[in-house]
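What follows is a set of notes on a single structure, which appears directly below.
The values are calculated or read from the model by the stated rules, or taken from the named source; none is laboratory data. Treat the numbers as computed from the prediction; the structure is a model and nothing was measured. Note: ideal-geometry Cβ built from the backbone for every residue, glycine included; neighbour counts use all protein chains shown. What goes into the accessible areas is simple: the full protein's heavy atoms, side chains included, and nothing from ligands, DNA or RNA. Shrake-Rupley method; radii C 1.70, N 1.55, O 1.52, S 1.80 Å.
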Amino acid sequence: GSRGPNGEFRYLFPLLGHVVASLGGSLCCLFVPTERRENEVETSSSAASAAPMDPDAVAKAFVDHYYRTFDVNRVALGGLYQDASMLTFEGVKIQGAAAIVAKLTSLPFQQCVHAISTVDCQPSGPAGGVLVFVSGSLQLAGESHTLKFSQMFHLMPTPQGSFYVLNDVA
């Protein structure tokens with residue numbers, strides 16, 4: 001993928017004359033720069049109307065981007081959340097992008113590496129949302145053992161064709 005001038009990514013659905021990659025005969029999604037909010041996962045609005053949304057492709061693109069960003073620059077995750085977004089972390093509900101980023105950056109470790117084991121998803125309702133469930137392991141810097149984790153995201157589309165995290169349960 002490539003980054004735009006502010007480090008943001010854009011996700012475009014394949015088959016629409018944009019950028020298409022072939023891996024073993026199957027199409028995959030690519031990130032290309034856009035002028036949207038920093039770090040939003042994007043779709044082309046013409047793509048959304050011309051072809052059905054592929055929840056698996058959206059989920060994979062989101063998960064790859066989210067955990068890569070979490071591992072190297074948690075502050076940059078703020079662009080994936082909005083004021084209505086809610087994170088539930090260890091039973092505590094946190095609302096709004098700024099409060100969520102404050103929580104994520106206050107975790108008691110600075111460096112980590114996520115290893116994703118599973119990504120399961122479902123389309124969510126007529127608004128075009130996507131439920132994403134992730135499981136895997138987390139390796140903290142300086143620790144010899146890994147920690148198991150699971151996390152659920154509810155991604156919602158914006159009028160501009162991007163997705164943001166409405167709900168995040170960790």
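Consider LEU104 carefully, then state whether it is surrounded by 16 or more Cβ atoms within 10 Å (Cβ to Cβ), in contact with a Leu (Cβ under 9 Å, 6 or more places away or on another chain) and not in a strand (DSSP E or B). Quick ask: steps written out before the conclusion?
On the way: surrounded by 16 or more Cβ atoms within 10 Å (Cβ to Cβ): yes; in contact with a Leu (Cβ under 9 Å, 6 or more places away or on another chain): yes; not in a strand (DSSP E or B): yes.
Taking the combined requirement at face value, the residue satisfies it.
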Exercise for the section: Would you tally the residues in the range 52-63 being surrounded by 17 or more Cβ atoms within 10 Å (Cβ to Cβ) and closer than 20 Å to SER117 by Cβ? Expected result: 8
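Of everything in the range 71-86, what is touching a residue at least 60 places away in the same chain (Cβ under 8 Å), out of contact with any Phe, Trp or Tyr (no Cβ under 8 Å at 6 or more places or on another chain) and of a type outside the set (Gly, Ala, Ser)? Give them in sequence order. Break it down stepwise before answering.
Step one: list which residues in the range 71-86 are touching a residue at least 60 places away in the same chain (Cβ under 8 Å), which gives 76, 79-82, 84-86.
Checking which are out of contact with any Phe, Trp or Tyr (no Cβ under 8 Å at 6 or more places or on another chain) leaves us with 76, 79, 84, 86.
Across the range 71-86, the qualifying residue is only MET86.
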Practice task
Return a yes/no flag: does the range 159-167 have any residue that is open to solvent by 40 Å² or more (accessible area, probe 1.4 Å) and of a type in the set (Gly, Ala, Ser).
Solution key: no
Problem - Pairs where the first residue, in the range 124-135, is surrounded by 17 or more Cβ atoms within 10 Å (Cβ to Cβ) and the second is in a loop (DSSP other than H, G, I, E, B), C-beta under 9 Å, 6+ apart - result: GLY128/MET53; VAL130/MET53
Exercise for the section: Output yes when any residue across the range 73-89 is surrounded by fewer than 14 Cβ atoms within 10 Å (Cβ to Cβ), in contact with a Leu (Cβ under 8 Å, 6 or more places away or on another chain), at pLDDT 95 or above and outside any helix (DSSP H, G or I), and no when none is. Expected result: yes
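Scan the range 107-123 for residues that are touching an Asp or Glu at 6+ places or on another chain (Cβ under 7 Å) and open to solvent by less than 60 Å² (accessible area, probe 1.4 Å) and jot them down. Show your work before the answer.
Let us first name the residues in the range 107-123 that are touching an Asp or Glu at 6+ places or on another chain (Cβ under 7 Å), namely 112-114, 121.
Within the range 107-123, CYS112, HIS114, CYS121 meet the criteria.
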Practice task
Using the structure shown, decide if LEU155 is closer than 14 Å to PHE70 by Cβ and not β-branched (Val, Ile, Thr).
Solution key: no
